[in-house]
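Working notes for the structure below.
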Amino acid sequence: MTTMSSNIKIVRKCEFCGNEFTAKTLQTRYCSHVCNSRDYKKNKREEKIETAVKKSNEPIAYDASVNIKEFLSIDETAMLVGASRRTIQRLISDGKLKASKLGSRSIIKRKEIDNLLK
């Protein structure tokens, strides 16, 4: 089997930088690997930003079972209070909110949360 080489030479405009270049295939879109990589990274960055914007506009799901539990995790406490996880951790480290360790997990008594909010 013999392979045929292509002598195609097409003058194209790079989709990233806009410079003209000679393409050797019909699929070539960029003048160099650098432009290809930069455009790929730009597109990925835009996708991440778009995902973050969509995520921030979604309402936070509230778990009604939090109201009846005696002990809550840090995430559940944050959801109940309407604060971030970091804020709850800061309250614990400042001694304003008492938490107990259960293995590697921190649990907070519901009464402690009620006392904090009084």
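The values are calculated or read from the model by the stated rules, or taken from the named source; none is laboratory data. Everything numeric in this text was worked out from a predicted model, so none of it was measured. Here the Cβ positions follow ideal geometry from the backbone for every residue, glycine too, while neighbour counts run over all protein chains shown. With ligands, DNA and RNA removed, areas are computed over all heavy atoms of the protein, side chains included. Shrake-Rupley method; radii C 1.70, N 1.55, O 1.52, S 1.80 Å.
Count of segment 89-117 residues, restricted to those that are closer than 14 Å to residue 66 by Cβ and within 29 Å of the chain's Cα centre (by Cα), is 2.
Return a yes/no flag: does segment 75-86 have any residue that is basic (Lys, Arg), in contact with a helix residue (DSSP H, G or I) (Cβ under 7 Å, 6 or more places away or on another chain) and open to solvent by 70 Å² or more (accessible area, probe 1.4 Å). Spell out the reasoning first.
Going residue by residue through segment 75-86, those that are basic (Lys, Arg) are 85-86.
Subsequent filtering for residues that are in contact with a helix residue (DSSP H, G or I) (Cβ under 7 Å, 6 or more places away or on another chain) retains 85.
Filter once more, keeping what is open to solvent by 70 Å² or more (accessible area, probe 1.4 Å): 85.
Scanning segment 75-86 turns up at least one residue that is basic (Lys, Arg), in contact with a helix residue (DSSP H, G or I) (Cβ under 7 Å, 6 or more places away or on another chain) and open to solvent by 70 Å² or more (accessible area, probe 1.4 Å).
Considering the conditions (1) outside any helix (DSSP H, G or I); (2) open to solvent by less than 100 Å² (accessible area, probe 1.4 Å); (3) not aliphatic (A, V, I, L, M), residue 36 is excluded by exactly one of them, (1).
Of everything in segment 16-28, what is among the charged types (D, E, K, R) and at pLDDT 95 or above? Give them in sequence order.
20
Checking 55, 41, 69 one by one, the residue that is in a helix (DSSP H, G or I) and surrounded by 10 or more Cβ atoms within 10 Å (Cβ to Cβ) is 41 and no other.
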